Amino acid sequence: MRVVHSPLHLLHEPPFEVFSGHPGPAWEVTARAESIRAALAADPAFALELPAEHGLELALAVHEPGLVRFLAEAWPAWQASGERPAALMADTFPYPRSRSARRRPPEPRAPGGRVGYWSFDTTSPITAGTWIAARAALDVALTAADAVLAGDVVAYGLCRPPGHHAGRSTFGGYCYLNNAAVVVARLLGAGAGRIGILDLDFHHGNGTQEIFWERGDVPYASLHGDPHRVYPYFSGHADETGEGAGAGATFNQPLPAGTDDTAYLTALDRSLDWLAGRHDGIVVVSLGIDTYGLDPICDFALTTPAYHEAGRRVAATGARLVILQEGGYHVAHLGENVRLWLRGAAGLTPDAAARPGDGG
Ligand code: SP5
Ligand code: ZN
């Protein structure tokens, strides 16, 4: 299996995040992607390669151009303003009930205001290398998509930063550009017909859902922690099913704390049954491993063998797969869990010689 990765992710080093009143160290760290890269590099089933540059045309089609412009300019503008903190993060947001819900305020000129205009939370700092890393993650995703368009049955993009929380006009949730959504735009443009999205991250993919909310040709299926309980709180409920041409083309399964291997795999089967017949052969997988029982910020109870079985079941549908990395924060076991998911997706047995932690 081709594995696309880029060392440029190392330039994105968020120094902190603010969550539930706790200013603390960032969870989305460089060691995550290095754990995955090391685990895959040690397994001859995987062939690692660097991405090809793709430019920003597709990103500008998926995202509001002002967001892309802001991400590119934010760090130099912040520096030029005389501010010198380690990272740029919003303190104020244009909340939907301000002024009039119908009227969008103008984008402010101050960097500290602009960042709130284009973001939705306080967990996604912009640092000196964020834009370079976000562009590289997108190139990684698009290069994996190219492999499938060229005939590969499955390809994996080791995206960091991740993407599924980034909406058309907002970044957040450790995500800046929506890698999966841009890949879907690429596949649609290549004439691949209807493209399925299977979002397996612990958190609901609010950005991806929003981008395809009114698209009937991009069915979106997600299983995730119930937003009544966990981030991102405001989307992912079962009654969100799409609108307009996309009515009925969104399928959310919010799941309880403690969801274990059996319950998870049953929910996965439901998502796969729902997707069957709604796409024309290619499914983009947003692969989050933050469903792991030892994940430090999530509350599912999956064990390592479930990842191999999940990959096996997804591939057994016969769909061709563009698999893109999203979350997963138990760094020591992250690489091994991804490796087993991908071996399952490649129709390979789990390799008994490796144990969790060997790759990290
Ligand atoms: C891509 C992705 O997985 N983004 C997730 C963003 C979630 N950010 C919330 C971080 C929650 C930290 N809470 C710590 C609670 C420890 N019990
Ligand atoms: Zn997540």
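Numbers below:
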| item | result |
| --- | --- |
| Relative contact order computed over the chain (Cα-Cα under 8 Å; 6+ residues apart), in percent | 19 |
| Contour minus Cα-Cα distance for Thr349 and Asp273 (0.36 nm per residue) | 25.0 nm |
| Segments 122-130, 137-145, 186-194, 169-177 sorted - mean Cβ within 10 Å per residue, highest first | 137-145, 169-177, 122-130, 186-194 |
| Size of segment 143-230 as Cα extents on the principal axes (Å, biggest first) | 41, 28, 24 |
| Mean Kyte hydropathy of 1.0 or more with a Cα span along the axis of at least 18 Å, helices from DSSP in the chain | 130-149 |
| Cut-off under 5 Å, modelled amide H: who pairs with Thr291 long-range | Phe202 |
| Size of electric dipole in the chain: Cβ of Lys, Arg +1 and of Asp, Glu -1, about Cα centre, debye, nearest 20 | 740 |
| Relative contact order %, segment 203-243, counting alpha carbon pairs below 8 Å whose residues are six or more apart | 48 |
| Residue-span extension gain [His228 to Leu10] - 0.36 nm each, minus C-alpha spacing | 75.1 nm |
| Cα-centre dipole for segment 210-360 with unit charges at Cβ (Lys and Arg positive, Asp and Glu negative), debye to 20 | 460 |
| In Å, descending, principal axis extents of the Cα set of segment 1-127 | 58, 36, 30 |
| Contour minus Cα-Cα distance for Ala110 and Glu53 (0.36 nm per residue) | 17.4 nm |
| Cα-based convex hull volume of the chain per residue, rounded to whole Å³ | 125 |
| Tail beyond 28 Å, pair distance distribution of segment 213-360 (Cα, percent) | 18 |
| Reciprocal of mean inverse Cα separation for segment 109-161 (Kirkwood radius, Å) | 13.2 |
| Amide H contacts under 5 Å for His224, placed H, 5+ residues apart | Gln253, Leu255 |
| Kirkwood-Stokes translational diffusion coefficient of segment 253-321, alpha-carbon pairs, 10 °C, 1.306 mPa s, µm²/s | 124 |
| Around Glu107: net Lys/Arg minus Asp/Glu count, Cβ-Cβ under 11 Å | +3 |
| Approximate spin-label separation Ala42-Thr92, in nm, with each point projected 7 Å along Cα-to-Cβ | 5.0 |
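Computed from the coordinates by the stated procedures, all read-outs in this text should not be read as laboratory data. Because the structure is predicted, anything quoted here is derived from the model rather than measured. Please note: Cβ atoms are built from the backbone with ideal geometry, for glycine as well, and neighbour counts cover all protein chains shown.
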